[in-house]
1. Apply the Karplus curve 6.51 cos²θ - 1.76 cosθ + 1.60, θ = phi - 60°, to the phi angles in the range A:109-123 and return the couplings in whole Hz, x for Gly and Pro.
2. Between the range B:160-199 and the range B:81-124, what's the alpha-carbon centroid distance in Å?
3. Could the peptides B:665-677, B:693-705 be put in order, highest first, of the mean number of other beta-carbon atoms found within 10 Å of their residues?
4. Going out from 0 in 20 Å bins, what whole percent of all Cα-Cα distances in the protein assembly as shown drops into each bin?
5. Express the relative contact order of chain B as a whole percentage, based on alpha carbon pairs under 8 Å and six or more residues apart in sequence.
6. Using a 10 Å cut-off around each Cβ of peptide B:298-307, what is the average number of partner chain Cβ atoms that fall inside?
7. Can you give me the C-alpha center-to-center distance between the range A:269-283 and the range B:469-532, rounded to a whole angstrom?
8. How far, in degrees from 0 to 90, does helix B:2-36 lean away from the longest principal axis of the Cα atoms of chain B, to the nearest 10?
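The numbers here are math on the coordinates, done by the rules we state, and not lab data. Treat the numbers as computed from the prediction; the structure is a model and nothing was measured. Positions of Cβ are backbone-derived with ideal geometry, glycine not excepted, and every protein chain shown enters the neighbour counts.
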Amino acid sequence: MTGNRLKAIFILCCALLTSGSVWAQDEPGCFDCHADEADSPVHTVFKTAHGSLQGGGSNTCTTCHGVSEAHNRRGRRVPPDVSFGPRWPSDVDTRNASCQGCHEKDQQLLWMGSEHQQESLACNDCHNSHEQKDLALHGEQSQELCVSCHTQVRSELHLPSRHPIAEGKTACVDCHNPHGGLGDAALHQVSLNENCISCHQEKRGPFLWEHAPVAEDCALCHRPHGAVNDRLLTARSPALCQQCHAAAFHPSVPYGSEGLPSGSSNQNLLGKSCLNCHSQIHGSNHPSGARLTR
Amino acid sequence: MNSRHRIPFQLTAASALVLAATGALSQDAAKSEQQATPYAPLALENRPLQSSALTGYAGSLQMGLGYTGDDNYMFGQYNGLSDDGASFIGNMQWQDFHSGDSYWQVSMSDLGLDTREAKATWGKADRLKISAGFDSQQQVRNDSGRTPFRGDNQQQLPDDWASGLTTGDFTNLDDSLRSFDRELDRDRLFAGIDARINENWSVQSNLSYEEKEGHSDVGGAIYIDAASGDSALLRSPVDYRTTEFDLGLSYDGDQLHLNGQLAYSDFDNKDDELIWQNPYSSYGPNVRYPAGQGGLGLAPDNDQVSGRLSGHYLFSATTRLQFDSSYSVASQDQNYLDYTVNQALTVTEPVPRNSYDGEVATSTANVRLLMRPLAKLNAQVFYKVRDRDYDADRDGYQYVRGDGGNQPDAKFTVYNTNHDLTSQTAGLELTYRLPLRSKLSFEYAYEDVERRNSAVEETEEDRYTLGYRIQPWSNFSARMHVQYADRAADTYQWAQSYYALLDTELINATPDNQRYNNHPELMQYYLANRERWEGKVDLSYLPSERWNLNLNLLWRDDDYDQSNLGLTEATWQRANLSASYAASKELSGSIYAGYDVYEGEQTSRAFRGGQEKNAFEIYPPLPQASDPQQNWDIDATDTSFTVGANLHWQFAPDLELELDYNYVDTTGEQDYSTRPGGTAVASDLPDVDTRLHHVQASSTWHMQDNLSVQLDYQFYSYKTDDWAWDGVQADTIAKVLTFGQDNPNEDIHYVGASVIYRWQ
């Protein structure tokens, strides 16, 4: 009788243990410790795009943090397999590998070898997947993240001539891919000119009368982040134009302060200077536009 | 005695040994700790705090009223606040990730302004995402100018216009001037879908339609030769439509990832031509006021079809090939305008074809091979090519000069040219990790650019870059970079553009020593020999957990050592300093300062005198062209100094304050020098100074967890004294009828009050 009882208890214990281990495999015990509390950000992830990974629940946790069996057993002493900090942060490669398990495509395709990868940036240095609003994915706020490191650009954004970056109407990520690219400055498009023309299609041409440097490189005349001179120009006209043009008569002549309103009010200096007449500086399709005046 | 003396010595020696061993061991331990702890970028710890009010709710709705104190065009250049008066503050965001594996997100902002935007997204986790929305942008420019012209793309003068040879003769100009807006509105509708077909394949597609409307400004001149032109600044209509569509297919395998995309972009300008009535009375009756007109061709309709393939292939854990290549064809075949808008002028020879009917095929390929041949050595081999290939006929255009006279003889025919270009860059970068979390890198790149119909057929550049990065302590990192680049250009064919443009009859009739457009000693800087030195330093230091300091320096010198005329040297120096302090979750602040100096030195030669060069009359060569005493120089320096500060302070559990200040001070200098004995005279131009102060303050009272009241205040002050417009009235320039616009001088106040409701 006693033997039977012992057998029954043993079988029951085995069953309980087995069912426990099965349960543990299905649902790791993350929430045994990480309760849904106001000051804990853990559960916020279920209100984000990552909340339903692997069917949701604690499987969502292990999708990014790893199975973390040791952490499951001794959570206060052993970190999860992948920890994003602030306590026990895993090394950068481990953290990034966790994200890249899903995000090594599309915009993140060329992460390896990128400037940010070479600088050992981790995905969670910019992104926070436990917040309902990941600021890195929102134009105006993402710019704050960018300029907190790229301080030289921060200054340029406030110069007299600029793109509407400070207003958040153009975001850094509209032109640059922070996850890397093979072109210059990790631009989205394959070349600088393609990048500019993706918004300024009216300058795409091709034109009957082209201005050769325009087709070659927009940055020969423009500074895209901001400039002291109007229209993002690298220098003021007429001096800018005269860097490349010294034809006989008016293009070769210096235009100093004698041409100001207190003097001769020179037509090649004041107003739009050269562009008072040669206004089609990006190219002309007019059959009489050989001099870019039509 | 000796033994007594020896004991302390032995003790001392033993102590020293122990200390040395301890030191050595601790040093080894420190070294191994340093080696074990990898490099970590600094300056990330003290970034702007993410307020839970901003990031911790599923939805929020902000509504209120704003008030702008005055009309303006600098403060409101891009933010939609250019008009004085009240405006509605409306922002909303809402997302739901609770409904099984599907989710949706909606966001709207600036609902009461012309910069409003909205986006809605619905998706099923990692399988499907559909989004749609709109984005409105606005740009306003200086609207203080006035014009006598009426109409849009057919601009007429008032009936009582008093014409004359110069603007000073326009006696009723003041009565004719009317204000106008220079404002561009850009509205874009977009939709996109991203669907995963199976484990490896997914498809994406995007469609967008954009309207850009408003007015810009443009200069137009009526003339018969380069010696004189009757110019007017005009309000230029902008009425663009752009439709873009793309379709992409992605493959994600274990080793191979591929993104393929086909895209189409169509640009449609509703206005082909800007016609204005000639306000001047120069030239013949068919050209001068009132019958005469000028016509400008506006941006032609065009389209582009493109394909792009990017991806990477993983050969092994340490070797990977990345590539991004594209092929696009941009076409433009808009019907030509007539040679002149003045139909009464004699034009005997029609345009050679009905349209340009030209194409440009642009091929690009960017390839990078990443390798790690040794544990501490990374290597990159890269190759880039960009080829721009025109397919357009070369024709002769017997063009009418500036709508100013009859069609000239056939010998004055000019020919269009294509500017084919092939640019190739190949190089190698090696990076080796050293102790103290340091890294040494070396890059060599060779760039070759071949051009057709250019003064220089080929330029070759060698670039050597040495970089070093070190993090000797966990709170300090330094990065340095030195680059030397040497660009060599083929023989500068200074007469190339002359021969490419003009007719052989004209060329043959021109004396050899006058066959050029640009002075033979001038080299266009982007085609010229150039030696470049560049240095960069970036230092980051965290004196404590709460502080972060960063110093960033740049120095670059471009020496165009073979250029006698043109840009001869350019120097760029930049220093940026930033500091941030995060005392607690409740208090953080940052300041930054930037100093930027760009200096360009250029030389030219003034050559004129006597008649306009007429190739059909044999003059002696223009004597001044070969006289170095006619040289003149500009030393142009643009300096900018920027300072900014930001403070975020939650001084009570329910009260938050955000302060932001930016100051910008820029100066543009142009100093001239001429040669003694020459006739070229030019004095230094006045400095162009610009000052900006921008204060933004925002305080938020969290009345309840989900309800806040926010007060905003902005003060914006902008002043400049640009000599190009300073004191320039509409009739100040004899041969340019300008807008007579003022330089910006704004002091703008903005206040806003709004209520924010949040929910989970």
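1. 4, 10, 4, 4, x, 6, 4, 5, 5, 5, 8, 6, 6, 9, 3
2. Cα centroid to Cα centroid, the span is 29 Å.
3. Ranking the peptides B:665-677, B:693-705 by packing returns B:665-677, B:693-705.
4. In whole percents, the pair-distance histogram is 11, 38, 34, 13, 4, 1, 0.
5. Reported relative contact order: 9 percent.
6. 5
7. After rounding, the separation between the Cα centres reads 23 Å.
8. 50 degrees
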